[in-house]
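A quick write-up on the structure given underneath.
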Amino acid sequence: MSRFGTNGGFAGGGHLGDVLSALLDGELPAPQAEGARAHLAACPDCTQELAAVSQARSWVRALPLVDPPFGFYERMLLDHQPALRSATGDRATLRRRAGLAALGAAAAAVTVLGVGSPSPRPVSPSMPRLVEAHATSASVGADLLSKLAPVGVPVSFGR
Amino acid sequence: MSGSGIPTWEEVARDHGRFLYTVAYRLTGNSNDAQDLVQEVLLKVRRGLETYRPGSLEGWLSRITTNTFLDETRRQRRRPVDLLPEDPDRVVPPSPGADVALAAEALPDHVQEALRALPEEYRAAVVMCDVVGLSYQEISDSLDVPVGTVRSRIHRGRALLRKTLA
């Protein structure tokens, strides 16, 4: 159903139509592309249509990648195995499950971070050693009060 | 990759999650439907219902995504209330007037809306060509239609997009 003659020339007698998109996309063999260009040189209608579809093509190609909602794949991962086992095929159910799974994960995180750690964790450096080092350093100076003054609470006596 | 050659769910999500969601979003036109579509695709991948062909993983994913989308569209089309008009021109919303000429920052939204207004077969062909970057032959193989049909759908889709956004 080619609209080109054996020599690659346009043989349809009308306009190029979808050949224009094929030309834009590099989908025409060289002889047919040459035939299409020759037709375009003499056909304002096809030239105008080429510009129009070329514009639309550029717009779609310029569309950016789209980020999925935050945590979308993570929620699916949590929900994946139960969904496979039941294989209900109910997509709305899948989405609800994903939301519940996210809530469960959030609750688990709160438990681990808050309630789940009743005893204080050791800190580094050790606080007793830090206090001891500070005391040693402070005692080297002649005037302990003047060393403490910049960080102490201003006080006055007899007023 | 798993032993069967089919990528694992985690690999697809980690390495191609953004791409997959983008294709789904461009096909469906909204976030909820895109999420549903991605879930369907990943379940198919996980179940091994589709045979992975060594080559472009993203081409393979886009084929599954597009066919899943079109299957769902056809299923809905069989419902009387969801019948689509036969004439593609009838589904194209009115063109914006000159006073609402496309602002550069709003262009992607306008293009997405115009894309969404296309008949699904045109939209699928345009997305596979201009978003995914597949050749006409690859699209033909994916959709199981002749190359000439692919060419026609792409061209008509673009022409309708341009008409909508003129």
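Scanning segment B:144-163 for residues being in contact (Cβ under 8 Å) with a residue 12 or more places away in the chain and open to solvent by 30 Å² or more (accessible area, probe 1.4 Å) gives a total of 4. Exactly one residue out of B:Leu115, B:Leu134 is within 11 Å of another protein chain (Cβ to nearest Cβ), touching a residue at least 40 places away in the same chain (Cβ under 8 Å) and over 18 Å from A:Gln55 (Cα atoms): that is B:Leu134. Within segment A:18-35, can you find the residues that are assigned to a helix (DSSP H, G or I) and of a type outside the set (S, T, N, Q)? Once the filter is applied, which keeps residues that are assigned to a helix (DSSP H, G or I) and of a type outside the set (S, T, N, Q), segment A:18-35 yields A:Val19, A:Leu20, A:Ala22, A:Leu23, A:Leu24, A:Ala30, A:Pro31, A:Ala33, A:Glu34, A:Gly35. Has segment B:87-96 got at least one residue that is within 21 Å of B:Val23 (Cβ to Cβ), at pLDDT below 95 and among the polar types (S, T, N, Q)? Checked against the condition, which is being within 21 Å of B:Val23 (Cβ to Cβ), at pLDDT below 95 and among the polar types (S, T, N, Q), segment B:87-96 yields no hits at all.
The residue of segment A:10-48 that is farthest from the chain's Cα centre (by Cα), among those that are open to solvent by 60 Å² or more (accessible area, probe 1.4 Å) and within 12 Å of chain B (Cβ to nearest Cβ), is A:His15.
Could you tell me which numbered condition B:Asp141 fails, if it satisfies all but one of (1) surrounded by fewer than 20 Cβ atoms within 10 Å (Cβ to Cβ); (2) under 15 Å from A:Gly17 (Cα atoms)? Of (1) surrounded by fewer than 20 Cβ atoms within 10 Å (Cβ to Cβ); (2) under 15 Å from A:Gly17 (Cα atoms), only one is false for B:Asp141: (2).
The values are calculated or read from the model by the stated rules, or taken from the named source; none is laboratory data. Just so it is clear, the model here is predicted, and its values are computed rather than measured. With ideal geometry, Cβ positions are generated from the backbone for all residues, glycine too; neighbour counts draw on all protein chains shown. Side chains included, ligands, DNA and RNA excluded: accessible areas come from the protein's heavy atoms. Shrake-Rupley method; radii C 1.70, N 1.55, O 1.52, S 1.80 Å.
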